Amino acid sequence: MSEDASRYEDGSGTGTAPPVRLRDRPRAAVSTVQAVLHDLRAVDGAVYGAVAATPTPALDVGLRRLSHAADHSKISFAVAAGLALFPGRPRRAALVGVGAIAIASATANILGKRLVRRPRPDREAARVVVGRHVPMPESASFPSGHTASAVAFATAAGVALPPAAVPLGLLASAVGYSRVHTGVHYPGDVAAGAVLGLASGAASLALGASLLKALRPAAP
């Protein structure tokens, strides 16, 4: 066997596809990842365009108002304020929910947006109906901070107060979709924000449990 042939992965050099040399495997892996990311971006853009092109006059005003109301997590903070009025589980749900918002917001804005720096969608080119428009943020598009914060609050508060889990989850989902519907985010941004929100909610719950354990008086 020649020296070149010994470098092939299977050592045979046969088959319909050209064999990949061991030394070329990292380059091939990078090319594969780039191709997959290209395809995912294409799907992301196609879904964004499909949402923009679908007439939904009955939903446009409501989703625009919802998206605007979710700025700076105003909806979640309002819910937290209401829960905090009641002692026990509701108050704990409010605390861990607000903590989750803080974690999600910091992670999305300080890390995610600064690292990825994805440009915002071209809303005009996609012909998003003007009636859906909310102000286009100046920050990077990836991930969706609105979605991250809403899902984080729903996750943490929903676990701490199970009866609130479904309504808060539906509200967070609506907030996430509203960001695509109004044209300020790609669906992939929202999906990434949701994953970040789930992780932030779990982190807040874990932190809350640790603090509660530390503050609990030791058994004699």
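See the values below:
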read-out	value
Carbon/sulfur fraction of accessible area - the chain, other protein chains in place, 1.4 Å, %	67
Computed helical MRE - 222 nm, the chain, DSSP H runs ≥ 4 contributing -39500 (n - 2.57), nearest 500	-21000 deg cm²/dmol
Degrees between helix 89-106 axis and first principal axis of the chain (Cα, 0 to 90, nearest 10)	40
Angle between the chain longest axis and helix 145-160 axis [Cα atoms, degrees, rounded to 10]	60
Solvent-accessible area per residue for segment 18-126 (1.4 angstrom probe, square angstrom)	64
Degrees separating the helix 165-181 axis from the principal Cα axis of the chain, which is the longest one	60
Option label - Rg and Dmax of the Cα atoms in Å computed here, alternatives [x] 17.3, 55; [y] 23.2, 79; [z] 29.1, 116	[y]
Global geometry of segment 101-199, whether rounded, prolate or oblate, following the gyration tensor of its Cα atoms and the 1.5 cut on a/c	oblate
Modelled FRET efficiency - R0 41 Å, LEU85 with ARG117, Cβ distances, 0.05 increments	0.50
Taking all pairs of distinct alpha-carbon atoms in segment 137-189, Kirkwood radius in angstrom	11.4
Relative packing of 34-41, 115-122, which averages over residues the other C-beta atoms within 10 Å, highest first	115-122, 34-41
For the chain: relative contact order, % (alpha-carbon pairs under 8 angstrom, 6 or more apart)	24
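The values are calculated or read from the model by the stated rules, or taken from the named source; none is laboratory data. Quick caveat: nothing in here was measured; it's all calculated off a predicted structure. Please note: Cβ atoms are built from the backbone with ideal geometry, for glycine as well, and neighbour counts cover all protein chains shown. Protein only, heavy atoms only, side chains kept; ligands, DNA and RNA dropped before computing areas. Shrake-Rupley method; radii C 1.70, N 1.55, O 1.52, S 1.80 Å.
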